[in-house]
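Notes follow the structure.
The values are calculated or read from the model by the stated rules, or taken from the named source; none is laboratory data. Predicted, not measured: the structure shown is a model, and the values here were computed from it. As a convention, Cβ positions derive from the backbone with ideal geometry for all residues, glycine included, and neighbour counts pool all protein chains shown. Each accessible area value is taken on the protein alone, full model and side chains, heavy atoms only, with ligands, DNA and RNA left out. Shrake-Rupley method; radii C 1.70, N 1.55, O 1.52, S 1.80 Å.
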Amino acid sequence: MTIYRTAILGATGLVGQTMRSILEERNLPLELSMFASKNSAGKTFTFNGEEHVIEELTEDALREGKFDYVLSALDGDLAAKYCPVAAEAGAIVIDNSSHFRMVDGIPLVVPEINPEDISDKAGIIANPNCSTIQSVVALKPIEDLFKMKRIVFTTFQAVSGSGVRGIADLENGVKGEAPEFYPYPIAFNCLPHIDDFLDDGYTKEEMKMVNESRKIFHRPDLAVTATAVRVPVKGAHAISVNVTCEKPVDLDKLRAAYEAMDDVVLQDDVKNLVYPLQINAEGKDEVFVGRIRKDDSCENSLNLWVVADNIRKGAALNAIQILEKHLNARA
């Protein structure tokens, strides 16, 4: 069996640690190296029962490592610096930051939607925004069955999307302490503000969902709008999705399509109070879909509620699923 040299960049963050955990769970044929800042270098981690040392991330380390695959959990500025170096050294780089997502020629991939966009050559593949990933998985059968005309997203995003600082603000806020990361308290509160505001009043997070959805579906004409809200939930994002389609909507066909999807769990029995909950999705790999109903205010329209773990499916797992697709193509 071929063993592929693989590196995780940003190894000590929430996404990097989750990448390592999922790689171990899925028992892929990899030899793993982990890189982080100088401050974290020298710490140890266990992978497949063996102890390893986290290395300092440098350009030379990426050039000398001769990696087949690099999973990047870096922030955008660091990804911009290090991902091209790894790609130029011959690695397939799967980057979780927003830096490369809308760059022409760089694939933006959710394996359930557009696996054909995964390049078989060395280079960079972009991992979409967490909310975009779970949304487009749920939208795929709607697009296939009825063809979408317009999407309205309203997100209810967990503090884990902000990393350890967001989680700390929520936990400390419950104890009555002032926020240190968010501009206002997140405990017992909702903030209609994720990422920076743009001149038109939208945030960068909202426009990520707009532009990334169009790119993933290869639908530059698709009408999309979004409102992104941070809510006092530790893990897993929830999204209210309103969709207008070109064809009449058949909810029975749509539910059957969801039931046939391996990575989707349909929870849509409101008479028995069965619908997706963030507290139940945390730590899970699947996308949960429910509250499916027609929107009688607009022809050929429907509403649905979509929940998923933003650190797993919304980041680490999606990147590893891209890696798995690439490995399967080489087999």
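When +1 charges are put on Lys and Arg Cβ atoms and -1 charges on Asp and Glu Cβ atoms, the dipole computed for the stretch 257-296 relative to its Cα centre reaches about 240 debye.
Gain on full extension, evaluated as 0.36 nm per residue between Ser21 and Arg165 minus their Cα-Cα distance, stands at 49.7 nm. Computed about its Cα centre, the charge dipole of the chain is approximately 400 debye, with only Lys, Arg, Asp and Glu carrying charge at their Cβ. Report the one residue of Ile22, Val53, Cys130 whose Cα lies farthest in the direction of the positive end of the charge dipole of the stretch 1-153 (charges on C-beta: Lys and Arg +1, Asp and Glu -1; origin at the Cα centre). Value: Cys130. For the chain, modelled as a GNM whose springs connect Cα atoms under 10 angstrom apart, the maximal fluctuation among Val93, Val264, Val103 occurs at Val103.
Compared with the dominant principal axis of the Cα atoms in the chain, helix 130-146 is inclined by about 50°. Over all Cα atoms in the stretch 39-87, the spread is summed up by Rg and Dmax: 11.9, 33 Å. Report, to the nearest whole %, how much of the accessible area of the stretch 179-331 belongs to carbon and sulfur atoms, 1.4 Å probe, protein only. Roughly 49 percent of what the probe reaches on the stretch 179-331 is carbon or sulfur.
Among Leu317, Leu198, Leu145, which one shows the highest mean-square fluctuation when the chain is modelled as a Gaussian network with alpha-carbon springs under 10 Å? Taking springs between Cα atoms under 10 Å, the residue moving most is Leu198.
Along the chain, counting only GluC sites (Glu not before Pro) with a DSSP assignment other than H, G, I, E or B and at most 12 other Cβ atoms inside a 10 Å radius, the longest segment between sites is 1-179.
Label positions at Arg330 and Asp195, each projected 7 Å from the Cα along the C-beta direction, are separated by 3.1 nm.
Given contacts defined as C-alpha pairs under 8 Å and at least six residues apart, what's the relative contact order of the chain, whole-number percent? Mind dumping the intermediate values first?
Working: 728 pairs, mean separation 57.1, N = 331.
Worked out over the chain, it gives 17 percent.
Principal-axis analysis of the Cα atoms of the chain puts helix 317-330 at an angle of about 70° to the longest axis.
Of the cross-linked pairs Lys149/Lys271; Lys175/Lys208; Lys38/Lys325; Lys247/Lys271; Lys140/Lys294, which ones have a Cα-Cα span greater than 26 Å in the structure shown? Working shown, then result.
Values: Lys149/Lys271 30 Å; Lys175/Lys208 33 Å; Lys38/Lys325 32 Å; Lys247/Lys271 28 Å; Lys140/Lys294 17 Å.
Those over the limit are Lys149/Lys271; Lys175/Lys208; Lys38/Lys325; Lys247/Lys271.
Apply 1/(1 + (r/R0)^6) to the Cβ-Cβ distance of Glu56 and Thr225, taking R0 = 35 Å, and write down the FRET efficiency to the nearest 0.05.
Values: r = 43 Å, r/R0 = 1.23.
Rounded to the nearest 0.05, the efficiency is 0.25.
Comparing Cα centroids, the stretch 68-145 and the stretch 262-288 end up 26 angstrom apart.
Between Lys43 and Tyr184, the distance separating the two model label sites (each 7 Å from Cα on the Cα→Cβ line) works out to 3.3 nm.
Please report, in whole Å³, the volume per residue of the convex hull around the C-alpha atoms of the stretch 12-122.
On the way: hull volume 13.0 nm³, N = 111.
Hull volume normalised by residue count: 117 Å³.
Here's the picture: a label point sits 7 Å out from the Cα of Ile279 along the beta-carbon direction, and within the stretch 221-239 the residues with their amide nitrogen under 18 Å of it are 231-239. Bridging of Lys234 to aspartates and glutamates at a Cα separation below 19 Å is possible for Asp169, Glu171, Glu177, Glu180, Asp195, Glu205, Glu282, Asp285, Glu286, Asp309, once same-chain residues fewer than 8 apart are set aside. Taking all protein chains into account, the per residue accessible area for the chain stands at 46 Å² (1.4 Å probe).
Whats the longest run of the chain with zero trypsin sites (Lys or Arg not before Pro) that are DSSP loop and have at most 14 other Cβ atoms within 10 Å? Between exposed loop sites, the widest span is 235-331. Mind checking which of Asn114, Asn48, Asn280 has the largest fluctuation in a GNM of the chain, springs on alpha carbons under 10 Å? Residue with maximal mean-square fluctuation among Asn114, Asn48, Asn280: Asn48. Angle of helix 164-174 to the longest C-alpha principal axis of the chain, folded into 0 to 90 degrees and rounded to 10: 50°.
Within the same chain, aspartates and glutamates fewer than 8 places from Lys121 are excluded, and of the rest, those with a Cα less than 14 Å from its Cα are Asp68, Glu88. Take the stretch 183-328, drop everything but the C-alpha atoms, weight them equally and run the Debye formula without solvent; then report log10 I(q)/I(0) at 0.12 Å⁻¹ to two decimals. Result of the Debye calculation: -0.61.
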